[in-house]
1. Sort 189, 228 by Cβ crowding within 10 Å, fewest neighbours at the top.
2. Going by alpha carbons, how many degrees (0 to 90, nearest 10) lie between the helix axis of 501-510 and the longest principal axis of the chain?
3. Jot down the radius of gyration and Dmax of the stretch 188-285, Cα atoms only, both in angstrom.
4. Quick check: the angle from helix 162-179's long axis to the longest principal axis of the chain, C-alpha only, nearest 10 degrees?
5. Report the FRET efficiency, 1/(1 + (r/R0)^6), for residue 502 and residue 199, where r is their Cβ-Cβ distance and R0 is 41 Å, rounded to 0.05.
6. Test of understanding: what is the full-extension gain from residue 215 to residue 279, defined as 0.36 nm times their sequence separation minus their Cα-Cα distance?
7. Which value at 222 nm does the chain reach when only helices count, each DSSP H run of 4 or more adding -39,500 (n - 2.57), with the total divided by all residues and rounded to the nearest 500 deg cm²/dmol?
8. Compute the semi-axes of the equivalent ellipsoid of the stretch 1-121, taking the square root of 5 times each eigenvalue of the Cα gyration tensor, and list them largest first in whole Å.
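Please treat every number below as a calculation from the coordinates, not as lab data. Note that the coordinates shown come from a computational prediction; the quantities given were computed from them, not determined experimentally. Every residue, glycine among them, receives a Cβ derived from its backbone with ideal geometry; neighbour counts consider all protein chains shown.
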């Protein structure tokens, strides 16, 4: 009862002295009633308007227990203002006035950073009769926005014995602790005995959590290798990469391995995919050890960069009701399509199309977009597995409609014969030598020209299933964010290889005899 009286005293005083809170406020009503057609009604402690005619909801709390309920009530009042007066978010401001902030500060700060609402906090000091005598504007805490995602800068150490490797793991742990790096993993790996040409049979992969640039600069304070400023780089990402490499060198400064080499997500993924190495153990530290959701399988997937750190592969699953995760997927999947603007646009259009259906859906997305289409074509022509070919697959299960949409992107042939003399002419350089251009093509420098010369393109198709049964399949493009069916009948790369023996033989023979990359 005492708390109710004290809050009422504070409310009545502030309602008559709104300038104490903020200049320019006009009282609309104390204890303003807001009817709710679908639940309990609401009563706003003080409803005011500012000089720009925005609603200002002023919520007053005095007890610790009451402060815990503040944000829940605030969001309810915002909804009721919109329901009753058709107010927009941009027309509503909120001010929380409380004498106790220990329980309220963290959720208030999270709300401040995570919403676009104008929410202000005031800490009130009262006299013995609960009359306000002083105020302090609350500064939101800096909420850490970091995730458990790894920095893409890895380091691979190689060892002649497992004992030497085990000692190295302990050394890395101590060096990270001394440096101030808390969240990291060390993956212990054994070489596949059936593979030729492997000198060292034991290895570790060191990876640490991605941090903010200010945090990196804090860790590197006083480091002699830090001799460049952000302004000297073309982008902040390049600057971040520079800082991460310095951190890696600073942490791994002791010589404890027989050999070592740089690593990155796609390299880690490729080594495991080609069965060169098997993982024997993962040593986890910091959040990677503490997170109860963490498993070896999850960490391996993240180390492969399939969560958005890999520049050629991406994989994820979510439901549309998980909006933050869906937004993250839309953003992160673009990393794997940086070399393919056609797919980048199409995949974003697919997301728009699904959201415009206004039906909840579950989505599985898998992208493989290699650096060089030419390299993929040559590998396939050589008879290597066709999983070298670029592809995307997006399966969308429309949960309320019993429908399944399977979007697929791949290389396609238009059925026209490539002109051999144009291709040979393209591969020659100024000195009439083939090799230079050929090597550049294997690195992805001329993909657009290669596709045109080979009569190939990126195709998009969708399969439609209704109630578990196949309904239709068609090629498509997008027009005004809507699917437009195409009547073009494309052929796959297998048809292209079978129908262009002379060109394929040239690619195979030259790649084997001159380049050596595919031997």
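1. Details: 189 23, 228 12.
In increasing order of surrounding Cβ atoms, one gets 228, 189.
2. With rounding to tens, the tilt is 90 degrees.
3. 16.4, 49
4. 40
5. Between residue 502 and residue 199 the formula returns 0.50.
6. On the way: separation 64, 0.36 × 64 = 23.04 nm, distance 3.09 nm.
Working it through step by step, the gained length comes to 19.9 nm.
7. Values: 18 runs with 183 residues, N = 519.
That calculation yields -10500 deg cm²/dmol at 222 nm.
8. Numbers: eigenvalues 77, 60, 50 Å².
Semi-axes (√(5λ), whole Å): 20, 17, 16.
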